C-alpha cells in the first residue's frame, strides 16, 4: 500500500473521533440544553398564553409533554435558539428547539452545555435524523431534529438539510423540504423547487408544492403553474392549482382557467373549479361566475361552479344565484 494512502487511512479514525468529541455530550438520563446562533430571521418559537389575534404573551413551554408552540407575533424573530434534549437510559426520547429567550419548565433540572457551535450542533442533529428518520404518522424526534436543524445558522446545517431531500425515506424527504422552505429563505425555496420537479415520488412532489405555497417566495406562483401544467401525475397537477389559488397570485385565475379547458384529466378539470373557489375574497366569486356563464364548458362544469358559489357568503355570489333561480322560474 502506498504511504500516502496508509497515512490517510490512519488519520480517518482520529478525525472522526475529533468530530464526535466536538458534538454535544449528553448524560444518560435527564434534560440537556445548549444555545447556538440561528439562521437569519428565524421565528421566535415559544409557547403563548393565547393565540388569538397574536396578542398572547410568552409562557413557559412544558418540555416533558408534546405541547403547541409557535410565534405569537408573526414578525417576531430571534438570532439565537436553544436545543433541548432529554435522554432516558441513554436514549433520546424528547427533542425541542425554541428561541433562546423562551422560558421552559421541566420535571427535572436542565443541564446546560457551554460553547457548543452551530456547526457541531447541526452535525449532532443530522445524526439524529439519520438514526430516526421522520414518521409521517407522529411527531418523532427525527422530525424535531429536522426542525431544529433548519433553525441553525451556517453551511453545515444548510448542507445537511439539502442532503435529506435525497434521503431514501419518503417521510424524511417531505419533512426536509417543508423546513427548508419555511426557514431557509431563497436557498430553501430553490431546493424545494428542484424537489417539486425532480423527485420520483408524487407524494413528495405534492408536499414540496404545498411547502413552497406557504412561503412568500417570489418564485412560488411560477413554479406552481409549471407543475400544474407539466407533472405527469394528475393528482399532483390538481393540487398545484389548489395551492396556486391559495397564494392569491395575480395570474392565478388565468392559469387555472386554462387548465380547466386544456387538461386531459377530468379530475384535474373538476379540481380546477374547486381551486377557483379558493381564491381570496371576491376574486373567487368573479372567477366562478365566469365559469358558470361560459357555455363553451360542459353542463357539469358549470353546475360545479354554481355549487361552489352556493357555498360562498359573498353578497355578489348570493345575488347571482338569485338571478339564476329567477330566470329558471320564467
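Laboratory data are not the source of any read-out in this text; all were calculated from the coordinates shown. Quick caveat: nothing in here was measured; it's all calculated off a predicted structure. Every residue, glycine as well, gets a Cβ built from its backbone with ideal geometry; the counts of neighbours run over all protein chains shown.
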How big is region 237-330 by the Kirkwood estimate over distinct Cα pairs, in Å?
13.2 Å
For a protection proxy built on the mean count of beta-carbon atoms within 10 angstrom, sort 109-115, 58-64 highest first, please.
58-64, 109-115
For region 191-264, take N as its residue count and report Rg(C-alpha) divided by 2.2 N^0.38 Å.
0.97
Once the Cβ-Cβ distance between residue 88 and residue 235 is put in as r, and R0 is 35 Å, what FRET efficiency do you end up with, to the nearest 0.05?
0.25
Dmax and Rg, reported as Rg then Dmax, of the chain (C-alpha, Å)
24.8, 98
Given Cα positions, please report Rg to Rh for region 145-259, the hydrodynamic radius being the Kirkwood one.
0.98
Hey, for a label at residue 40 modelled as a point 7 Å past Cα toward Cβ, could you say which residues of region 208-236 have their backbone N under 17 Å away?
216-219
Between 0 and 90 degrees, rounded to the nearest ten: what's the tilt of helix 155-164 against the longest Cα principal axis of the chain?
60 degrees
Protection proxy ranking of 183-192, 25-34 - average other beta-carbon atoms within 10 Å, highest first:
183-192, 25-34
Using Stokes-Einstein with the Kirkwood hydrodynamic radius over Cα pairs, what translational diffusion coefficient do you get for region 243-292 at 4 °C and a viscosity of 1.567 mPa s, in µm²/s rounded to a whole number?
123 µm²/s
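Could you order the peptides 206-219, 250-263, 291-304 from most to least packed, using the average number of other C-beta atoms within 10 Å per residue?
Ranking, from highest mean packing down: 206-219, 250-263, 291-304.
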